[in-house]
Amino acid sequence: MIERRALKVAIIGAGMSGICMAVKLQDAGITSFTIFEKAADVGGTWRDNTYPGLTCDVPSRYYSFSFRPNPTWSHLLPPGPEIQRYFQQVAGERGLLPHIRFGCDVTKAVYDDGRWRLTTDQGEETFDVVVTATGVLRVPRYPDIPGRDMFAGPSFHSARWDHSITLPDKRIGLIGTGSTGVQITAALGGAVRGLKIFQRSAQWIYPMPNPRYSKLTQAALSRWPALNRVPYRFWGKVFRSYFGRAPILPGWQRRLAQAECRWNLRLSVRDPELRAKLTPGYQPMCKRQVMAGHFYRSVQKPGVEVITDPIDHIESRGVVTAGGTLHELDLLVFATGFDARAYVRPMEVIGEGGLRLDDAWADGPIAYRSIAAPGFPNLFMMMGPHSPIGNQSLIPIAEDQADYVIWWIKQLRDGRVRAAAPTEEATKRYNADMKAAMPQTIWVTGCKSWYLGKDGLPELFPWTPETYHDLLRAPQLTDFDVRTA
Ligand code: NAP
(Lines give C-alpha, C1' and ligand atoms only; values in the text may rest on other atoms or scores of the structure.)
Protein backbone atom coordinates (compact mmCIF):
# COMPACT_ATOMS: atom_id res chain seq x y z
CA MET A 1 0.00 0.00 0.00
CA ILE A 2 1.23 3.45 -0.92
CA GLU A 3 1.79 5.79 1.96
CA ARG A 4 1.64 9.32 0.63
CA ARG A 5 3.92 11.95 2.08
CA ALA A 6 2.80 15.53 2.41
CA LEU A 7 5.53 16.92 0.21
CA LYS A 8 6.55 20.52 0.46
CA VAL A 9 7.52 21.90 -2.92
CA ALA A 10 9.17 25.26 -3.55
CA ILE A 11 8.94 26.86 -6.95
CA ILE A 12 11.30 29.76 -7.48
CA GLY A 13 9.86 32.28 -9.93
CA ALA A 14 6.30 33.12 -10.95
CA GLY A 15 6.93 33.65 -14.64
CA MET A 16 5.60 31.48 -17.42
CA SER A 17 7.38 28.29 -16.36
CA GLY A 18 6.70 28.77 -12.62
CA ILE A 19 2.99 29.19 -13.35
CA CYS A 20 3.09 26.13 -15.60
CA MET A 21 4.76 24.05 -12.88
CA ALA A 22 2.26 25.18 -10.26
CA VAL A 23 -0.75 24.32 -12.44
CA LYS A 24 0.68 20.88 -13.18
CA LEU A 25 1.23 20.31 -9.46
CA GLN A 26 -2.37 21.24 -8.74
CA ASP A 27 -3.55 18.88 -11.49
CA ALA A 28 -1.52 16.12 -9.83
CA GLY A 29 -3.34 16.81 -6.57
CA ILE A 30 -0.35 18.45 -4.87
CA THR A 31 -1.26 21.75 -3.30
CA SER A 32 1.47 22.05 -0.67
CA PHE A 33 3.65 24.30 -2.79
CA THR A 34 4.99 27.79 -2.36
CA ILE A 35 6.06 30.04 -5.20
CA PHE A 36 8.79 32.51 -4.33
CA GLU A 37 8.74 35.62 -6.48
CA LYS A 38 11.12 38.46 -5.85
CA ALA A 39 9.01 41.01 -7.76
CA ALA A 40 5.51 42.21 -6.98
CA ASP A 41 3.72 40.53 -9.86
CA VAL A 42 3.74 37.34 -11.92
CA GLY A 43 4.91 37.26 -15.54
CA GLY A 44 8.72 37.08 -15.44
CA THR A 45 10.16 38.40 -18.67
CA TRP A 46 6.77 39.82 -19.71
CA ARG A 47 6.63 41.79 -16.47
CA ASP A 48 10.22 43.01 -16.67
CA ASN A 49 10.26 43.97 -20.35
CA THR A 50 7.97 46.87 -21.17
CA TYR A 51 9.94 48.59 -23.93
CA PRO A 52 8.04 50.19 -26.85
CA GLY A 53 7.36 47.69 -29.61
CA LEU A 54 7.58 44.63 -27.33
CA THR A 55 5.76 41.73 -28.95
CA CYS A 56 6.12 38.01 -28.90
CA ASP A 57 7.75 36.71 -32.06
CA VAL A 58 6.05 33.31 -31.82
CA PRO A 59 2.36 33.20 -32.81
CA SER A 60 0.18 33.70 -29.78
CA ARG A 61 -1.99 30.70 -30.57
CA TYR A 62 1.07 28.52 -29.94
CA TYR A 63 2.52 30.82 -27.28
CA SER A 64 -0.26 29.76 -24.89
CA PHE A 65 -0.65 26.96 -22.39
CA SER A 66 -2.23 23.90 -24.01
CA PHE A 67 -4.55 23.75 -21.00
CA ARG A 68 -5.61 27.39 -21.26
CA PRO A 69 -6.11 28.73 -24.79
CA ASN A 70 -6.80 32.41 -25.13
CA PRO A 71 -9.51 33.02 -27.73
CA THR A 72 -9.16 36.79 -27.52
CA TRP A 73 -5.54 37.30 -28.59
CA SER A 74 -5.60 40.54 -30.58
CA HIS A 75 -2.83 39.66 -33.06
CA LEU A 76 -0.88 36.75 -34.41
CA LEU A 77 2.08 38.21 -32.45
CA PRO A 78 0.47 40.00 -29.53
CA PRO A 79 1.98 42.97 -27.74
CA GLY A 80 3.84 42.30 -24.50
CA PRO A 81 1.25 43.78 -22.10
CA GLU A 82 -1.40 41.45 -23.52
CA ILE A 83 0.82 38.44 -22.81
CA GLN A 84 1.48 39.73 -19.33
CA ARG A 85 -2.30 39.99 -18.76
CA TYR A 86 -2.69 36.41 -19.97
CA PHE A 87 -0.25 35.12 -17.32
CA GLN A 88 -1.94 37.23 -14.65
CA GLN A 89 -5.30 35.75 -15.70
CA VAL A 90 -4.04 32.15 -15.61
CA ALA A 91 -2.45 32.69 -12.18
CA GLY A 92 -5.69 34.24 -10.90
CA GLU A 93 -8.06 31.69 -12.41
CA ARG A 94 -6.04 28.77 -11.11
CA GLY A 95 -5.93 30.17 -7.59
CA LEU A 96 -2.16 30.46 -7.57
CA LEU A 97 -1.95 33.89 -5.99
CA PRO A 98 -2.33 32.69 -2.37
CA HIS A 99 0.62 30.35 -3.00
CA ILE A 100 2.90 33.14 -4.16
CA ARG A 101 5.20 35.01 -1.81
CA PHE A 102 5.72 38.25 -3.66
CA GLY A 103 8.71 40.44 -2.92
CA CYS A 104 10.56 37.45 -1.52
CA ASP A 105 14.01 36.85 -2.96
CA VAL A 106 15.55 33.40 -2.47
CA THR A 107 19.24 34.00 -1.96
CA LYS A 108 20.45 30.55 -1.01
CA ALA A 109 19.37 26.91 -1.29
CA VAL A 110 21.24 24.26 0.69
CA TYR A 111 20.61 20.50 0.54
CA ASP A 112 20.84 19.33 4.09
CA ASP A 113 19.82 16.00 5.56
CA GLY A 114 17.61 15.09 2.59
CA ARG A 115 15.79 18.40 2.38
CA TRP A 116 16.35 21.80 0.83
CA ARG A 117 16.78 24.75 3.16
CA LEU A 118 15.94 28.00 1.42
CA THR A 119 17.17 31.32 2.69
CA THR A 120 15.13 34.29 1.65
CA ASP A 121 15.25 37.92 2.63
CA GLN A 122 12.40 37.01 5.00
CA GLY A 123 13.99 34.05 6.79
CA GLU A 124 14.58 30.33 6.30
CA GLU A 125 12.27 27.49 5.33
CA THR A 126 12.76 23.82 4.43
CA PHE A 127 11.29 21.98 1.45
CA ASP A 128 11.40 18.44 0.06
CA VAL A 129 11.67 19.51 -3.55
CA VAL A 130 12.85 22.69 -5.23
CA VAL A 131 11.93 23.64 -8.77
CA THR A 132 13.78 26.61 -10.18
CA ALA A 133 11.73 28.54 -12.70
CA THR A 134 13.94 31.58 -12.86
CA GLY A 135 14.04 32.03 -16.64
CA VAL A 136 16.99 32.22 -18.98
CA LEU A 137 17.35 35.84 -20.09
CA ARG A 138 16.74 37.60 -16.82
CA VAL A 139 19.93 39.37 -15.76
CA PRO A 140 20.51 42.46 -17.97
CA ARG A 141 23.93 42.77 -19.60
CA TYR A 142 25.30 46.27 -19.92
CA PRO A 143 27.98 46.96 -22.53
CA ASP A 144 31.54 47.35 -21.44
CA ILE A 145 31.94 50.75 -23.13
CA PRO A 146 34.25 53.35 -21.56
CA GLY A 147 32.35 56.24 -20.04
CA ARG A 148 29.05 54.34 -19.90
CA ASP A 149 28.05 56.13 -16.73
CA MET A 150 29.16 59.56 -17.96
CA PHE A 151 26.08 60.25 -20.08
CA ALA A 152 24.24 63.24 -18.60
CA GLY A 153 20.76 62.36 -19.85
CA PRO A 154 18.63 59.40 -18.88
CA SER A 155 19.94 55.98 -19.86
CA PHE A 156 18.70 52.49 -19.10
CA HIS A 157 18.67 48.87 -20.21
CA SER A 158 15.81 47.79 -22.47
CA ALA A 159 14.51 45.50 -19.71
CA ARG A 160 14.36 48.43 -17.26
CA TRP A 161 12.46 50.94 -19.38
CA ASP A 162 11.74 54.22 -17.64
CA HIS A 163 8.24 55.20 -18.75
CA SER A 164 8.41 58.55 -17.02
CA ILE A 165 10.46 59.84 -19.94
CA THR A 166 8.63 61.24 -22.95
CA LEU A 167 9.94 59.96 -26.25
CA PRO A 168 8.65 62.00 -29.23
CA ASP A 169 10.80 65.04 -28.40
CA LYS A 170 14.00 63.07 -27.83
CA ARG A 171 17.12 62.27 -29.84
CA ILE A 172 17.50 58.66 -28.85
CA GLY A 173 20.61 56.51 -29.09
CA LEU A 174 19.97 52.76 -29.25
CA ILE A 175 22.87 50.39 -28.71
CA GLY A 176 22.12 46.86 -29.88
CA THR A 177 20.30 45.33 -32.80
CA GLY A 178 19.16 41.95 -31.45
CA SER A 179 15.49 40.96 -31.26
CA THR A 180 14.94 43.71 -28.69
CA GLY A 181 16.74 46.50 -30.55
CA VAL A 182 14.86 45.57 -33.73
CA GLN A 183 11.48 45.74 -31.99
CA ILE A 184 12.35 49.10 -30.39
CA THR A 185 13.44 50.45 -33.77
CA ALA A 186 10.23 49.21 -35.39
CA ALA A 187 8.23 51.13 -32.77
CA LEU A 188 10.27 54.34 -32.52
CA GLY A 189 11.56 54.86 -36.07
CA GLY A 190 9.91 58.02 -37.39
CA ALA A 191 8.01 58.57 -34.14
CA VAL A 192 10.75 60.42 -32.24
CA ARG A 193 12.92 63.47 -32.94
CA GLY A 194 15.87 61.31 -33.87
CA LEU A 195 16.90 57.67 -33.57
CA LYS A 196 20.54 56.68 -33.91
CA ILE A 197 21.03 52.94 -34.00
CA PHE A 198 24.54 51.90 -33.02
CA GLN A 199 24.96 48.60 -34.82
CA ARG A 200 27.96 46.43 -34.03
CA SER A 201 26.70 43.54 -36.18
CA ALA A 202 23.88 43.61 -38.69
CA GLN A 203 21.02 41.17 -38.22
CA TRP A 204 19.15 39.04 -40.70
CA ILE A 205 15.43 39.72 -40.36
CA TYR A 206 12.88 37.02 -41.09
CA PRO A 207 9.74 38.72 -42.51
CA MET A 208 7.06 37.92 -40.00
CA PRO A 209 3.62 39.39 -40.69
CA ASN A 210 1.44 40.33 -37.74
CA PRO A 211 -2.24 40.34 -38.72
CA ARG A 212 -4.93 41.35 -36.28
CA TYR A 213 -7.59 38.81 -35.31
CA SER A 214 -11.12 39.87 -36.21
CA LYS A 215 -13.90 40.18 -33.64
CA LEU A 216 -15.60 37.32 -35.45
CA THR A 217 -12.60 35.01 -34.94
CA GLN A 218 -12.40 36.00 -31.27
CA ALA A 219 -16.14 35.39 -30.83
CA ALA A 220 -16.03 32.01 -32.58
CA LEU A 221 -13.04 30.80 -30.55
CA SER A 222 -14.72 31.99 -27.33
CA ARG A 223 -18.03 30.35 -28.22
CA TRP A 224 -16.48 27.00 -29.22
CA PRO A 225 -13.31 26.58 -27.12
CA ALA A 226 -12.41 23.28 -28.79
CA LEU A 227 -11.71 25.25 -31.98
CA ASN A 228 -8.64 26.75 -30.29
CA ARG A 229 -6.90 23.40 -30.74
CA VAL A 230 -6.79 23.93 -34.50
CA PRO A 231 -4.53 27.03 -34.63
CA TYR A 232 -2.51 25.71 -31.65
CA ARG A 233 -1.72 22.53 -33.56
CA PHE A 234 -1.21 24.37 -36.85
CA TRP A 235 1.30 26.89 -35.50
CA GLY A 236 2.97 24.20 -33.42
CA LYS A 237 3.49 22.10 -36.53
CA VAL A 238 4.78 25.08 -38.54
CA PHE A 239 7.21 26.18 -35.86
CA ARG A 240 8.48 22.71 -35.03
CA SER A 241 8.89 21.51 -38.58
CA TYR A 242 10.24 24.75 -40.05
CA PHE A 243 12.02 26.91 -37.46
CA GLY A 244 12.70 23.86 -35.30
CA ARG A 245 14.68 22.22 -38.11
CA ALA A 246 16.24 25.05 -40.13
CA PRO A 247 19.00 25.87 -37.61
CA ILE A 248 19.92 22.33 -36.68
CA LEU A 249 19.88 20.39 -39.95
CA PRO A 250 21.01 21.27 -43.44
CA GLY A 251 17.95 20.87 -45.63
CA TRP A 252 15.17 22.67 -47.47
CA GLN A 253 13.94 24.42 -44.32
CA ARG A 254 17.31 26.05 -43.81
CA ARG A 255 17.72 26.99 -47.45
CA LEU A 256 14.22 28.47 -47.66
CA ALA A 257 14.41 30.38 -44.36
CA GLN A 258 17.79 31.82 -45.36
CA ALA A 259 16.47 32.81 -48.79
CA GLU A 260 13.46 34.50 -47.15
CA CYS A 261 15.78 36.59 -44.99
CA ARG A 262 17.96 37.57 -47.95
CA TRP A 263 14.97 38.47 -50.12
CA ASN A 264 13.43 40.41 -47.28
CA LEU A 265 16.48 42.65 -47.13
CA ARG A 266 16.80 42.97 -50.90
CA LEU A 267 13.14 43.85 -51.45
CA SER A 268 12.71 46.06 -48.41
CA VAL A 269 15.83 48.24 -48.60
CA ARG A 270 16.43 49.81 -52.00
CA ASP A 271 19.24 52.21 -51.06
CA PRO A 272 22.43 50.21 -51.77
CA GLU A 273 24.44 52.05 -49.13
CA LEU A 274 21.92 51.36 -46.38
CA ARG A 275 21.45 47.81 -47.63
CA ALA A 276 25.20 47.23 -47.44
CA LYS A 277 25.18 48.49 -43.84
CA LEU A 278 22.32 46.17 -42.97
CA THR A 279 23.84 43.10 -44.62
CA PRO A 280 25.30 40.73 -42.04
CA GLY A 281 28.62 39.04 -42.60
CA TYR A 282 27.34 35.63 -41.52
CA GLN A 283 24.58 33.25 -42.51
CA PRO A 284 20.91 33.80 -41.61
CA MET A 285 19.92 31.90 -38.43
CA CYS A 286 23.49 31.77 -37.07
CA LYS A 287 22.47 34.15 -34.30
CA ARG A 288 19.07 33.79 -32.68
CA GLN A 289 16.87 34.61 -35.68
CA VAL A 290 15.14 37.96 -35.46
CA MET A 291 11.54 37.80 -36.67
CA ALA A 292 9.98 41.16 -37.44
CA GLY A 293 7.63 42.84 -39.86
CA HIS A 294 8.41 46.54 -39.61
CA PHE A 295 12.11 46.92 -38.92
CA TYR A 296 13.28 47.76 -42.45
CA ARG A 297 10.39 50.16 -42.98
CA SER A 298 11.15 51.97 -39.72
CA VAL A 299 14.87 52.14 -40.32
CA GLN A 300 14.22 54.07 -43.54
CA LYS A 301 12.01 56.68 -41.93
CA PRO A 302 13.20 60.30 -41.58
CA GLY A 303 15.34 60.90 -38.54
CA VAL A 304 16.60 57.32 -38.29
CA GLU A 305 20.29 56.63 -38.81
CA VAL A 306 22.21 53.37 -38.67
CA ILE A 307 25.71 53.95 -37.38
CA THR A 308 28.21 51.22 -38.05
CA ASP A 309 31.36 53.00 -36.90
CA PRO A 310 32.44 51.29 -33.70
CA ILE A 311 31.67 53.08 -30.46
CA ASP A 312 34.78 54.55 -28.91
CA HIS A 313 33.32 55.87 -25.70
CA ILE A 314 30.33 57.53 -24.11
CA GLU A 315 30.52 61.06 -22.76
CA SER A 316 28.08 63.43 -21.11
CA ARG A 317 26.57 64.68 -24.39
CA GLY A 318 26.30 61.38 -26.21
CA VAL A 319 28.17 58.61 -27.95
CA VAL A 320 31.54 59.13 -29.60
CA THR A 321 32.39 56.76 -32.45
CA ALA A 322 35.81 55.84 -33.84
CA GLY A 323 37.26 58.86 -35.61
CA GLY A 324 35.96 61.18 -32.91
CA THR A 325 32.41 61.91 -34.16
CA LEU A 326 30.13 62.91 -31.31
CA HIS A 327 26.50 61.83 -31.67
CA GLU A 328 24.56 64.14 -29.38
CA LEU A 329 21.65 62.44 -27.63
CA ASP A 330 18.91 63.10 -25.09
CA LEU A 331 18.31 59.47 -24.15
CA LEU A 332 20.48 56.37 -24.37
CA VAL A 333 19.04 52.85 -24.42
CA PHE A 334 21.11 49.70 -23.97
CA ALA A 335 19.44 46.86 -25.88
CA THR A 336 22.54 44.82 -25.23
CA GLY A 337 21.00 41.56 -24.09
CA PHE A 338 21.29 39.41 -21.01
CA ASP A 339 23.65 37.14 -19.15
CA ALA A 340 22.49 33.92 -20.76
CA ARG A 341 24.58 31.85 -18.35
CA ALA A 342 23.02 33.11 -15.13
CA TYR A 343 20.13 30.62 -14.95
CA VAL A 344 19.31 30.27 -11.26
CA ARG A 345 22.12 32.54 -10.16
CA PRO A 346 22.97 34.86 -8.39
CA MET A 347 21.11 32.54 -5.97
CA GLU A 348 23.70 30.37 -4.20
CA VAL A 349 22.92 26.67 -4.55
CA ILE A 350 24.76 24.10 -2.45
CA GLY A 351 24.04 20.43 -3.07
CA GLU A 352 25.14 17.17 -1.52
CA GLY A 353 28.47 17.15 0.30
CA GLY A 354 28.74 20.92 0.01
CA LEU A 355 28.90 20.87 -3.80
CA ARG A 356 28.38 24.42 -5.02
CA LEU A 357 26.48 24.95 -8.26
CA ASP A 358 28.96 27.70 -9.17
CA ASP A 359 31.78 25.14 -8.97
CA ALA A 360 29.83 22.42 -10.78
CA TRP A 361 29.20 24.95 -13.54
CA ALA A 362 32.67 26.52 -13.56
CA ASP A 363 33.15 25.52 -17.21
CA GLY A 364 29.59 26.45 -18.17
CA PRO A 365 26.13 25.37 -17.07
CA ILE A 366 25.37 21.73 -17.76
CA ALA A 367 22.43 19.58 -16.86
CA TYR A 368 20.80 16.28 -17.64
CA ARG A 369 18.10 16.91 -20.27
CA SER A 370 18.02 20.54 -19.03
CA ILE A 371 16.14 19.38 -15.95
CA ALA A 372 18.51 18.30 -13.20
CA ALA A 373 22.18 18.15 -12.27
CA PRO A 374 24.28 15.49 -10.51
CA GLY A 375 24.87 16.19 -6.85
CA PHE A 376 21.66 18.22 -6.48
CA PRO A 377 18.99 15.69 -5.50
CA ASN A 378 15.33 16.67 -5.69
CA LEU A 379 16.21 19.93 -7.37
CA PHE A 380 14.70 20.41 -10.79
CA MET A 381 15.13 23.17 -13.32
CA MET A 382 12.67 24.67 -15.74
CA MET A 383 14.40 26.02 -18.87
CA GLY A 384 17.73 24.79 -17.58
CA PRO A 385 20.95 24.58 -19.62
CA HIS A 386 20.55 23.51 -23.27
CA SER A 387 16.77 23.84 -23.30
CA PRO A 388 15.45 24.10 -26.86
CA ILE A 389 14.91 27.82 -26.66
CA GLY A 390 15.80 29.08 -30.17
CA ASN A 391 12.86 30.24 -32.27
CA GLN A 392 10.35 27.99 -30.54
CA SER A 393 7.47 28.59 -28.21
CA LEU A 394 8.88 28.03 -24.74
CA ILE A 395 5.46 27.13 -23.39
CA PRO A 396 5.15 23.56 -24.75
CA ILE A 397 8.76 23.01 -23.67
CA ALA A 398 7.91 24.17 -20.16
CA GLU A 399 4.89 21.86 -20.15
CA ASP A 400 7.02 18.85 -21.12
CA GLN A 401 9.58 19.75 -18.46
CA ALA A 402 6.89 20.20 -15.81
CA ASP A 403 5.33 16.81 -16.68
CA TYR A 404 8.74 15.18 -16.30
CA VAL A 405 9.32 16.84 -12.94
CA ILE A 406 5.83 15.86 -11.80
CA TRP A 407 6.68 12.22 -12.49
CA TRP A 408 9.56 12.45 -10.01
CA ILE A 409 7.54 14.41 -7.50
CA LYS A 410 4.87 11.71 -7.54
CA GLN A 411 7.52 9.06 -6.83
CA LEU A 412 8.70 11.15 -3.90
CA ARG A 413 5.18 11.81 -2.67
CA ASP A 414 4.23 8.13 -2.86
CA GLY A 415 7.32 7.14 -0.90
CA ARG A 416 8.85 5.07 -3.71
CA VAL A 417 11.82 7.39 -3.85
CA ARG A 418 13.55 9.45 -1.19
CA ALA A 419 15.98 11.32 -3.38
CA ALA A 420 16.87 11.38 -7.05
CA ALA A 421 19.52 13.13 -9.10
CA PRO A 422 20.99 12.26 -12.48
CA THR A 423 24.28 10.41 -12.39
CA GLU A 424 27.50 12.13 -13.32
CA GLU A 425 28.06 9.56 -16.04
CA ALA A 426 24.62 10.02 -17.69
CA THR A 427 24.95 13.80 -17.54
CA LYS A 428 28.41 13.70 -19.12
CA ARG A 429 27.21 11.32 -21.84
CA TYR A 430 24.20 13.49 -22.62
CA ASN A 431 26.33 16.62 -22.87
CA ALA A 432 29.00 14.87 -24.95
CA ASP A 433 26.30 13.70 -27.39
CA MET A 434 25.02 17.25 -27.67
CA LYS A 435 28.50 18.62 -28.31
CA ALA A 436 29.04 16.00 -31.02
CA ALA A 437 25.83 17.12 -32.73
CA MET A 438 26.73 20.84 -32.73
CA PRO A 439 28.86 20.95 -35.89
CA GLN A 440 25.82 20.38 -38.10
CA THR A 441 23.99 23.34 -36.60
CA ILE A 442 23.94 26.77 -38.16
CA TRP A 443 24.96 28.31 -34.83
CA VAL A 444 28.62 27.35 -35.28
CA THR A 445 29.06 28.83 -38.75
CA GLY A 446 30.96 31.93 -37.75
CA CYS A 447 29.01 34.51 -35.81
CA LYS A 448 29.04 35.69 -32.22
CA SER A 449 25.86 35.25 -30.25
CA TRP A 450 24.55 34.70 -26.74
CA TYR A 451 24.02 31.07 -27.77
CA LEU A 452 27.75 30.37 -27.54
CA GLY A 453 29.32 29.21 -24.31
CA LYS A 454 32.85 29.55 -22.98
CA ASP A 455 34.12 26.80 -25.28
CA GLY A 456 32.61 28.50 -28.34
CA LEU A 457 29.92 25.84 -28.68
CA PRO A 458 26.22 26.68 -28.52
CA GLU A 459 24.46 26.06 -25.23
CA LEU A 460 21.32 24.96 -26.97
CA PHE A 461 19.53 21.73 -27.76
CA PRO A 462 20.92 20.53 -31.10
CA TRP A 463 18.10 18.20 -32.12
CA THR A 464 14.48 18.62 -33.15
CA PRO A 465 11.77 19.80 -30.74
CA GLU A 466 10.12 16.38 -31.16
CA THR A 467 13.33 14.70 -29.97
CA TYR A 468 13.27 16.79 -26.82
CA HIS A 469 9.62 15.90 -26.26
CA ASP A 470 10.53 12.20 -26.62
CA LEU A 471 13.49 12.54 -24.24
CA LEU A 472 11.15 13.86 -21.58
CA ARG A 473 8.36 11.39 -22.19
CA ALA A 474 9.53 9.03 -19.43
CA PRO A 475 12.52 9.13 -17.11
CA GLN A 476 15.28 6.64 -17.83
CA LEU A 477 15.87 5.31 -14.35
CA THR A 478 19.33 3.94 -15.07
CA ASP A 479 20.45 7.52 -15.66
CA PHE A 480 19.53 8.46 -12.09
CA ASP A 481 21.02 7.91 -8.73
CA VAL A 482 17.81 6.94 -6.94
CA ARG A 483 17.61 6.48 -3.20
CA THR A 484 14.73 4.72 -1.54
CA ALA A 485 13.84 4.51 2.14
P1 NAP B 1 20.95 40.13 -27.92
O2 NAP B 1 20.30 39.31 -28.94
O3 NAP B 1 21.99 39.53 -27.07
O4 NAP B 1 21.51 41.41 -28.68
C5 NAP B 1 22.35 42.32 -28.03
C6 NAP B 1 22.75 43.39 -29.01
O7 NAP B 1 23.60 44.30 -28.36
C8 NAP B 1 23.52 42.85 -30.21
O9 NAP B 1 23.18 43.60 -31.35
C10 NAP B 1 24.97 43.11 -29.81
O11 NAP B 1 25.86 43.23 -30.89
C12 NAP B 1 24.81 44.44 -29.11
N13 NAP B 1 25.89 44.72 -28.19
C14 NAP B 1 26.22 44.04 -27.06
N15 NAP B 1 27.29 44.61 -26.48
C16 NAP B 1 27.64 45.66 -27.26
C17 NAP B 1 28.68 46.62 -27.20
N18 NAP B 1 29.58 46.61 -26.22
N19 NAP B 1 28.76 47.54 -28.19
C20 NAP B 1 27.86 47.54 -29.19
N21 NAP B 1 26.85 46.66 -29.31
C22 NAP B 1 26.75 45.73 -28.34
O23 NAP B 1 19.88 40.78 -26.90
P24 NAP B 1 18.31 41.05 -27.09
O25 NAP B 1 18.08 41.77 -28.37
O26 NAP B 1 17.84 41.66 -25.83
O27 NAP B 1 17.70 39.64 -27.27
C28 NAP B 1 18.05 38.59 -26.41
C29 NAP B 1 17.10 37.45 -26.63
O30 NAP B 1 15.88 37.73 -25.98
C31 NAP B 1 16.72 37.19 -28.05
O32 NAP B 1 17.69 36.53 -28.78
C33 NAP B 1 15.46 36.38 -27.84
O34 NAP B 1 15.77 35.06 -27.51
C35 NAP B 1 14.85 37.06 -26.64
N36 NAP B 1 13.86 38.05 -27.11
C37 NAP B 1 12.69 37.55 -27.56
C38 NAP B 1 11.73 38.39 -28.02
C39 NAP B 1 10.45 37.81 -28.51
O40 NAP B 1 9.69 38.49 -29.15
N41 NAP B 1 10.16 36.53 -28.25
C42 NAP B 1 11.95 39.77 -28.03
C43 NAP B 1 13.15 40.26 -27.56
C44 NAP B 1 14.10 39.38 -27.10
P45 NAP B 1 26.54 41.91 -31.55
O46 NAP B 1 25.44 41.26 -32.35
O47 NAP B 1 27.64 42.44 -32.36
O48 NAP B 1 26.99 41.06 -30.41
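Per-structure values
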quantity	calculated
Against the rule of thumb 2.2 N^0.38 Å, how large the Cα Rg of the stretch 414-468 comes out	1.50
Calculated over the stretch 96-213: convex hull of Cα atoms, volume per residue (Å³)	243
Relative contact order for the stretch 357-485, counting Cα pairs under 8 Å that sit 6 or more residues apart, in percent	33
Accessible solvent surface per residue of the chain, calculated while the other protein chains remain in place, 1.4 angstrom probe, Å²	42
Cα lying deepest toward the dipole's positive end in the stretch 256-327, options 286, 326, 259, charges on Cβ	259
Local electrostatic count, residue 11, Cβ distance below 12 Å [Lys/Arg +1, Asp/Glu -1]	+2
Solvent-accessible area, 1.4 Å probe, carbon plus sulfur percent, for the chain	54
Of the DSSP H helices in the chain, those whose Cα atoms cover at least 24 Å axially and whose Kyte score averages -0.5 or more	394-413
Computed [θ] at 222 nm, helices only, for the chain once each DSSP H run of length n ≥ 4 contributes -39500 (n - 2.57)	-8000 deg cm²/dmol
Projected area, mean over directions - the stretch 233-326, Cα convex hull, nm²	8.6
Taking the C-alpha atoms of the stretch 43-170, convex hull volume expressed per residue in Å³	188
Label-point separation in nm, residue 241 to residue 455, each point 7 Å along Cα→Cβ	3.5
Distance (nanometres) between label positions extended 7 Å along Cα→Cβ at residue 414 and residue 107	4.0
Reachable lysines, given that their alpha-carbon falls under 17 Å from the alpha-carbon of residue 277 and they are not under 8 places away in the same chain	196, 301
Sites residue 142 and residue 121, calculated FRET efficiency, Cβ-Cβ separation with R0 30 Å, nearest 0.05	0.80
Qualifying lysines (Cα of each under 22 Å from Cα of residue 410; at least 8 residues distant if same chain)	8, 24
Residue 485 paired with residue 218, simple spin-label distance in nm, labels 7 Å along Cα-to-beta-carbon	6.1
Bins of 10 Å, starting at 0 and running to the largest distance - Cα pair percent for the stretch 1-86	16, 40, 29, 11, 4, 0
R0 of 51 Å, Cβ-Cβ distance residue 313-residue 470: FRET efficiency to nearest 0.05	0.50
Set 287/435; 170/454; 237/454 screened for pairs whose C-alpha atoms are more than 28 Å apart	170/454; 237/454
The chain - Rg (one decimal) and Dmax (whole number), Cα, Å	23.1, 78
Solvent-accessible surface ranking, highest first, for 230, 482 at 1.4 angstrom	230, 482
Taking the chain and dividing mean pair separation by its residue count, relative contact order in percent (alpha carbons under 8 Å, at least six apart)	21
Backbone HN-Hα couplings from phi across the stretch 150-158 [Karplus 6.51/-1.76/1.60, Hz, Gly and Pro as x]	7, 4, 7, x, x, 8, 7, 7, 4
Added length on full extension, which subtracts the Cα-Cα distance from 0.36 nm per residue, residue 201 to residue 230	6.6 nm
Debye log10 I(q)/I(0) at q = 0.14, 0.17 Å⁻¹ for the stretch 356-465, Cα point scatterers	-0.60, -0.86
Charge context of residue 443, other residues only, Cβ under 14 angstrom, K/R +1, D/E -1	+4
Neighbourhood net charge (10 Å Cβ-Cβ; Lys/Arg +1, Asp/Glu -1) for residue 391	0
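The values are calculated or read from the model by the stated rules, or taken from the named source; none is laboratory data. Note that the structure is predicted; figures quoted are calculated from it, not measured. No Cβ is skipped: glycine too gets one built from the backbone with ideal geometry, and neighbour counts run over all protein chains shown. Ligands, DNA and RNA are stripped out before the accessible areas are found, and what is left, the full protein with its side chains, is counted by its heavy atoms. Shrake-Rupley method; radii C 1.70, N 1.55, O 1.52, S 1.80 Å.
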